[in-house]
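Values in this text are rule-based calculations from the coordinates and carry no lab data. None of these values were measured; they are calculated from a predicted model. Glycine gets a Cβ as well: all are built from the backbone with ideal geometry, and neighbour counts include every protein chain shown.
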Amino acid sequence: MDHEEDKEIPHEAEPLRIAGYGSTFKLQFRKPLSPKEIRSLTAEFIKTIEERLMKRGAKGVGHIKLYIKGRSGYLHADTLGSKYGIHIGGSLKEPEVSVLMTVNTIALGASKDHVFRATRESIENAASRYDFLIEEVI
């Protein structure tokens, strides 16, 4: 028996699917959220998307990007995966009652349906924790 056949294929040699999902949502808060709370929501949202992707068998995150626009400014956040951290830039200057959020998720080794579900479930989870309504903007 040839031992070469028993070796694990290096990750670089594996054929990887790349799938993505992106959309824009209006988040309507039941009470104004402070800039600090919106920043926390943003970080939690990105972490939750990645966790859900990995539970569905993704090999890694291509990127997760969020853009949040409010009356008093904007935030942009992104990650290439948890080992690289989450970068959040921009600023909101006052509490917001609603924001527009654009999300773009790209995953390696996941189906398009898995990326869609991980992103949407993360939005719904955040909505229940932070008490806001979600409206997809087309």
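The figures follow:
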| item | result |
| --- | --- |
| For the chain, built as a Gaussian network whose Cα springs stay under 10 Å, the top-fluctuating residue of Y21, Y74, Y84 | Y84 |
| Radius of gyration and maximum dimension Dmax of the chain, Cα, Å | 17.5, 69 |
| R0 of 25 Å, Cβ-Cβ distance S34-K59: FRET efficiency to nearest 0.05 | 0.10 |
| Calculated from backbone phi, Karplus (6.51, -1.76, 1.60) coupling profile of segment 33-38 in Hz, x at Gly/Pro | 9, 6, x, 5, 5, 5 |
| Among the listed pairs K26/K55; K59/K112; K26/K65, those beyond 21 Å (Cα-Cα) | K26/K55 |
| Ratio Rg/Rh [Cα only; Rh per Kirkwood] for segment 50-119 | 1.06 |
| Per-residue [θ]222 nm for the chain (sum of -39500 (n - 2.57) over DSSP H runs n ≥ 4, rounded to 500) | -10000 deg cm²/dmol |
| Environment charge at S128 (Cβ cut-off 14 Å; Lys +1, Arg +1, Asp -1, Glu -1) | -1 |
| Selected from T24, T42, T119 as most flexible by GNM, with the chain as the system and alpha-carbon contacts under 10 Å | T24 |
| In order through segment 63-72: 3J(HN,Hα) via Karplus (6.51 cos²θ - 1.76 cosθ + 1.60), integer Hz, x for Gly, Pro | 5, 10, 10, 10, 10, 10, 10, x, 5, 9 |
| Separation in nanometres of the label points that stand 7 Å from Cα toward Cβ, at K26 and E94 | 2.0 |
| Cα convex hull of segment 78-137 - mean projected area over all directions, nm² | 5.5 |
| Rough spin-label spacing in nm, given labels placed 7 Å along Cα→Cβ, for L133 and S111 | 3.4 |
